[in-house]
Each structure stands twice: as structure tokens, then as C-alpha cells.
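> I have a structure I would like to understand better, so I am pasting it below and will then ask my questions one at a time.
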Amino acid sequence: MAATLLLHVEGQPAGVAGQRVEIRLTAEDGYTADREYSLARTGEADRAEITVQAIDGGEVSPFLVEDIEVGVELEARGPIGGWFVWRPDQTEPVTLIAGGSGVVPLMAMIRARRAAGSKVPFRLIYSVRSREEMFYRAELRQPDPGVDVTVVHTREAPEGSPRPAGRITVADVNSGGWPPDFAPSCYVCGPTGFVESVADMLVALGHDPHRVRTERFGPTG
Amino acid sequence: MGIVTRGFRGRRGGGDVTLPPGQYLETGFPVLSAGPTPQIAPAAWAFEITTESGQEHRWSWAELQALPREDITVDIHCVTKWSKLGTRWTGVSLDVLLSGIDTSASYALVHSYGGYTTNLPLADLRQGQAWVAYGYDGRPLRPEHGGPARLLVPHLYFWKSAKWVQRLELLTEDRLGFWERAGYHAYGDPWREQRYAGD
Ligand SMILES: Cc1cc2nc3c(=O)[nH]c(=O)nc-3n(C[C@H](O)[C@H](O)[C@H](O)COP(=O)(O)OP(=O)(O)OC[C@H]3O[C@@H](n4cnc5c(N)ncnc54)[C@H](O)[C@@H]3O)c2cc1C
């Protein structure tokens with residue numbers, strides 16, 4: 001299960017797509033837990049929007065998804081990050097590759113492109129276990145002009161889908177993203193193992209490693 | 001104490017251990033990298049130290065392996081908030097590598113295969129504080145954790161422990177590295193919570 005939370009913040013800069021915030025939760029006895037969450041949308045001065053996937057047995061994410069009530073206060077710091085970002089003045093084509101909740105900062109990039117009226121061609125490859133687990137479903141089903149979306153189902157493919165369920169392959173990356181000749185910027189985000197294998201595929205396909213930016217959400221390897 | 005978040009209890013545990021501020025205890029081994037993992041064969045690997053006067057010192061993989069090695073057990077602290085206690089490494093002390101080198105530099109810029117850089121004061125690499133590590137937990141260091149060899153400077157946030165280490169450039173003046181230009185702190189002391197520029 002996942003949820004999008006809107007945090008009203010005072011004095012928060014609007015942020016660059018791809019950046020994240022640090023959330024600190026404090027219990028009554030002073031115990032604290034800090035986690036990072038990507039901004040799902042940038043450009044709004046007084047609020048931060050995050051989308052959180054509840055991890056079974058997790059300390060923070062199930063609380064944010066299931067238990068937190070409207071009006072509760074928490075601490076947020078940021079936005080942070082100066083590398084895994086897309087700025088509307090970039091002119092090269094963009095390939096976005098997401099695994100699971102790794103789609104969050106990439107969605108922020110798609111939204112920033114729309115807000116800026118950018119015509120830069122985007123391609124998103126989104127790997128999810130099943131259709132039900134897809135974030136931002138309505139928005140991604142009818143993407144903006146110039147944004148191509150390919151969904152890769154890893155556990156269960158929708159009926160009639162030509163591609164059987166299975167992990168992302170070099171062929172998916174090759175056909176769903178821009179070819180290396182176009183010198184796209186590639187952004188890869190998701191669980192560590194996913195990011196490792198997709199980044200390796202991009203390099204093997206001939207992409208310049210310096211054009212491949214990654215963000216790893218955990219878990220551990 | 002900061003703002004209390006109503007309803008949040010948290011998962012205690014970790015018990016008596018004291019972690020740097022804002023850190024939590026991790027039992028796995030997360031990966032923080034800005035891009036793809038470079039794959040470097042030991043045969044193609046070499047480590048270099050260049051001084052401010054342009055002198056070059058170079059060790060091949062075999063030469064590094066022939067130097068006295070140490071087993072190191074240390075706590076590591078990542079800027080993304082996790083700490084891992086009692087990690088076990090094998091490597092060569094920077095004291096050994098720097099011993100024959102004539103320099104009056106005060107800073108080092110660490111270069112990695114793949115082009116990343118990070119900066120730190122040279123004093124932080126001396127006196128048993130830093131190693132070129134090629135073993136982790138009794139095995140060769142895996143590529144995603146910086147193998148074949150990475151710098152290990154456990155008293156600073158872990159991005160300073162540059163993965164895929166290739167060269168130390170000794171400098172008389174500090175020069176920010178890749179991570180530091182991207183907003184991370186120039187020094188990065190976890191106990192003073194120096195995560196980002198301005199902390
Ligand atoms: C830069 C960055 C940006 C992030 N952005 C987002 C985001 O936009 N949305 C989001 O939902 N999460 C995001 N995360 C992950 C988030 O910070 C937490 O790690 C996650 O919510 C789990 O926290 P927890 O306290 O619930 O679990 P913990 O109590 O910390 O961990 C419980 C168990 O789950 C494992 N685990 C941790 N993370 C994951 C994971 N992602 N998938 C599967 N298992 C995991 C741990 O190894 C552990 O075994 C981001 C992480 C980073 C580093």
C-alpha cells in the first residue's frame with residue numbers, strides 16, 4: 001500500500017525535480033527516526049508532496065501510510081540533492097527508468113517538464129509488480145505529449161499484454177528508452193538491486209556512464 | 001527536543017549503542033552511488049598518489065597486495081542516515097602508502113574510476129585513520145561497494161570513503177570534489193552532523 005502526503009511547510013524553497021526531503025518523526029519520549037523521501041512535485045512554495053510505499057515491518061513508512069492523521073506535525077528538512085535532478089533548461093532527451101516507488105522523483109521530473117512547458121522528449125520505463133501497484137496510474141495512462149510511458153510488469157501482466165510478467169531486461173531498456181546515439185540523460189531510481197542491474201544495462205548498451213544518474217532507495221545489498 | 005509527531009512510537013532496539021545524531025542502525029549494507037557501478041578488473045587496476053610538485057607514485061594490484069595488510073573493524077556512518085557497526089575490512093594503511101612520499105600538502109582530492117572525486121584534509125588520512133581497503137567481511141570487496149578497492153575513512157561520513165579509488169591528488173589548497181560540489185559538506189564529521197554545505 002502507498003499514500004501521497006501533502007506537507008504544509010513554512011519557508012520551504014520550491015525545489016528542483018529529483019530532490020528529496022528528510023523527514024524526522026519524534027516520539028513523546030524524544031526518540032527520533034529520520035528517513036528520506038523524494039518530492040513528488042516541485043514548484044509549490046509552501047508545500048511538499050511525497051508518495052510513500054509502506055514496507056512490511058518498516059518503522060516509518062507504515063506509520064506515514066496507515067497511521068498518520070491530518071493535522072499532525074512532523075519535521076521536514078530540504079529540499080536536498082544537487083545531482084539526481086532535472087532542470088527545465090536541459091535540452092537533451094531524457095530516459096527515466098523506475099522500479100517501484102523509485103517512480104516518485106521521476107514523476108516530479110515529468111510534472112516539472114509540464115509546468116515549464118518544456119518540449120524535451122521524455123521516455124519513462126516503469127517496472128511494477130502488478131497493475132495495482134502502479135503509482136499515479138491515471139496521470140501516466142494519459143501522459144503529456146512528448147512523454148512515452150512503458151510499463152514493465154514483473155509479477156503479473158495485465159490480460160492481453162504482449163509481454164509476459166518478468167524482470168526488466170536489456171530489451172525493455174533498449175526499446176523503451178532513447179538510443180545512446182541521441183545522448184540522452186538517463187535517470188534510474190528504485191531499490192538498490194534494480195538500479196544496479198539497469199545502470200549496468202545502460203552502460204552495456206553504450207550509454208556514457210556520466211549521463212546515467214542513479215538514486216538508490218534501499219533495501220540493502 | 002523537536003516537534004513531537006502525535007501517534008508515532010517508533011521501533012526501539014539498538015539498545016545501548018550510541019550513534020551520531022540523526023543516524024539509525026542498519027544491519028544490511030545499503031549502496032549510495034551517483035551512477036553506474038564501474039567494473040574494473042584487478043589486472044587493469046592501479047593506485048596512484050601525485051604530489052603538489054608533480055611527483056607520481058604508483059602501485060599495481062599485485063604491488064598493493066604485497067604491502068603489509070591490516071584487518072580493520074570499524075563503525076561506518078552514511079550521510080543518508082544509516083550507521084553500521086563493527087564492519088570488518090582488510091586493506092593497506094595510508095600511512096604505509098604515504099610513508100616514502102615527500103609532500104607539504106594539507107589537502108587531498110580523491111579520484112575514483114568513473115570520474116567521481118571527494119576532498120579531505122591530508123591529516124585525516126594519516127595516523128591510522130585511513131586505508132585502501134580491498135576486502136570486506138573476509139571476501140573480496142564487491143563492485144557495488146567500491147571494489148576492487150575503496151578508500152576507508154570511517155571517522156567521516158561514508159561518501160568520503162571513495163569507492164573504486166584510483167588516485168590521491170595532494171594539494172596545498174582545498175578543492176571541492178564531486179559530492180561536495182553537489183551540496184555535501186566539505187569535511188563531513190558525523191558526530192557534528194556535517195551533512196550538507198552550511199551545516
Ligand atoms: C534518496 C532516497 C529517496 C527516497 N525516496 C522515497 C520515496 O519517494 N518513497 C518511498 O516510499 N521511499 C523512499 N525512500 C525510502 C525511504 O527513505 C525508507 O527507506 C523507506 O520508507 C523504508 O523506511 P521504514 O522505516 O519503513 O523501513 P525500515 O524500518 O528502515 O526498514 C525495514 C526493512 O525494510 C527494508 N527496506 C528499506 N527500504 C526498503 C525499500 N525501499 N524496499 C524494500 N525494503 C526496504 C530494510 O532493509 C529493512 O529490512 C527513499 C530513500 C532514499 C535514500
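> Per residue of segment A:198-213, in order, report the coupling 6.51 cos²θ - 1.76 cosθ + 1.60 (Karplus, θ = phi - 60°) as ³J(HN,Hα) in whole Hz, putting x for Gly and Pro.
For segment A:198-213, the Karplus-derived couplings read 5, 4, 4, 4, 4, 5, 5, 6, x, 6, 5, x, 6, 9, 9, 9 Hz, x marking Gly and Pro.
> Considering Cα pairs under 8 angstrom that are at least six residues apart, work out the relative contact order of segment A:2-80 and quote it in whole percent.
It comes to 41 percent, rounded to a whole number.
> Rounded to the nearest 0.05, what FRET efficiency is calculated for residue A:205 and residue B:41 with R0 set to 25 Å and r the Cβ-Cβ distance?
0.75
> What percentage of all Cα-Cα pairs in chain B are separated by more than 29 Å?
Tail fraction, whole percent: 23.
> Taking a ≥ b ≥ c as the square roots of the eigenvalues of the Cα gyration tensor of segment A:66-134, is the shape rounded (a/c under 1.5), prolate (a/b larger than b/c) or oblate?
Note, shape of segment A:66-134 comes out oblate.
> Which value, in Å², gives the accessible area per residue of segment A:2-80 when a 1.4 Å probe is used on the protein heavy atoms?
46 Å²
> Using the reciprocal of the averaged 1/r over all distinct C-alpha pairs, how large is the Kirkwood radius of segment A:2-80 in Å? Present the calculation step by step, with values, prior to reporting the outcome.
Working: mean 1/r = 0.0777 Å⁻¹.
About 12.9 Å for segment A:2-80.
> Could you give me the percent of Cα pairs per 10 Å distance bin for chain A, shortest bin first, beginning at zero and ending with the bin that holds the maximum distance?
Binned Cα distances yield the sequence 8, 34, 36, 18, 4, 0.
> Once phi is turned into θ = phi - 60°, what whole-Hz ³J(HN,Hα) does the Karplus curve with 6.51, -1.76 and 1.60 give for every residue of segment B:53-70, x standing for Gly and Pro?
Residue by residue, segment B:53-70 yields 9, x, 5, 10, 10, 9, 10, 6, 4, 5, 5, 5, 4, 7, 6, x, 9, 10 Hz.
> By average Cβ neighbour count within 10 Å, what is the ranking of B:147-157, B:19-29, A:58-68 from highest down?
Descending packing order for the listed peptides: B:147-157, A:58-68, B:19-29.
> Here's another thing I want to ask about it. Using modelled amide H (1.01 Å from N, peptide plane; none on Pro or chain starts), what sits under 5 Å from the amide H of residue A:151, excluding residues fewer than 5 places away?
A:126
> Where both residues lie in chain A, what percent of DSSP beta bridges are antiparallel, nearest 5? Show your work: numbers first, answer last.
Details: 20 of 43 bridges.
Taking every DSSP beta bridge within chain A, about 45 percent pair in antiparallel fashion.
> Sort B:37, B:18 by heavy-atom solvent-accessible area, probe 1.4 angstrom, most to least.
Largest accessible area first, the list is B:18, B:37.
> Hey, another quick one. As a test of the definition: with a 1.4 Å probe, what buried accessible area, both sides summed, do you compute for A against B, in Å² to the nearest 100?
Rounded to the nearest hundred, the buried surface is 3300 Å².
> Can you compute the FRET efficiency between residue B:71 and residue A:66 using 1/(1 + (r/R0)^6), with r the Cβ-Cβ distance and R0 = 41 Å? Round to the nearest 0.05.
Approximately 0.40, to the nearest 0.05.
> Taking a 1.4 Å probe, which of B:70, A:22 shows the most accessible area, and what order do the others take after it?
B:70, A:22
> How large is ³J(HN,Hα), in whole Hz, for each residue of segment B:184-197 in order, when computed from phi with the Karplus curve 6.51 cos²θ - 1.76 cosθ + 1.60 and θ = phi - 60°, using x for Gly and Pro?
7, 5, 5, 9, x, 7, x, 6, 9, 6, 8, 7, 10, 3
> Dividing the Cα radius of gyration by the Kirkwood radius, what Rg/Rh value follows for the protein assembly as shown?
Working: Rg = 22.1 Å, Rh = 22.7 Å.
With Rg and the Kirkwood Rh in hand, the quotient comes to 0.97.
> On to the next question. Please report, as a whole percent, how much of the solvent-accessible surface of the protein assembly as shown comes from carbon and sulfur atoms (probe radius 1.4 Å).
Details: 9090 of 18690 Å².
Carbon and sulfur: 49 percent of the exposed surface of the protein assembly as shown.
> On a straight-distance basis, which lysines could pair with residue B:160 in a cross-link, Cα separation under 18 angstrom, same-chain partners fewer than 8 positions away excluded?
Within the straight-line limit of under 18 Å, residue B:160 reaches these lysines: B:81, B:84.
> Please report the base-10 log of the normalised intensity I(q)/I(0) for segment A:94-217, using a Debye sum with one equal scatterer per alpha carbon and no solvent, at each q in 0.10 (1/Å).
For segment A:94-217 at q = 0.10 Å⁻¹, log10 I(q)/I(0) is -0.27.
> Let me check against my output: what whole-number percent is the relative contact order of segment B:53-199, with C-alpha pairs under 8 Å and at least 6 apart?
For segment B:53-199, the relative contact order is 24 percent.
> Can you tell me the length gained on complete extension of the stretch residue B:57 to residue B:85, counting 0.36 nm per residue apart and subtracting the Cα distance?
6.7 nm
> Can I ask one more? Specify which residue in the list A:3, A:33, A:74 is farthest towards the positive end of the charge dipole of segment A:2-80, using unit charges on the beta carbon of Lys, Arg (+1) and Asp, Glu (-1), about the Cα centre.
A:3
> Using Cα pairs under 8 angstrom and six or more residues apart, how large is the relative contact order of chain A, in percent?
Working: 450 pairs, mean separation 40.6, N = 221.
Result for chain A is 18 percent.
> Listed highest first by mean packing, meaning other Cβ atoms within 10 Å per residue, what order do A:24-33, B:47-56 come in?
Numbers: A:24-33: 16.3, B:47-56: 14.5.
Descending packing order for the listed peptides: A:24-33, B:47-56.
The values are calculated or read from the model by the stated rules, or taken from the named source; none is laboratory data. Computed from a predicted model, the values in this text were never measured in an experiment. Neighbour counts are summed over all protein chains in view; Cβ atoms, including those assigned to glycine, are modelled from backbone coordinates with ideal geometry. Surface accessibility is based on the protein's heavy atoms, side chains included, excluding ligands, DNA and RNA. Shrake-Rupley method; radii C 1.70, N 1.55, O 1.52, S 1.80 Å.
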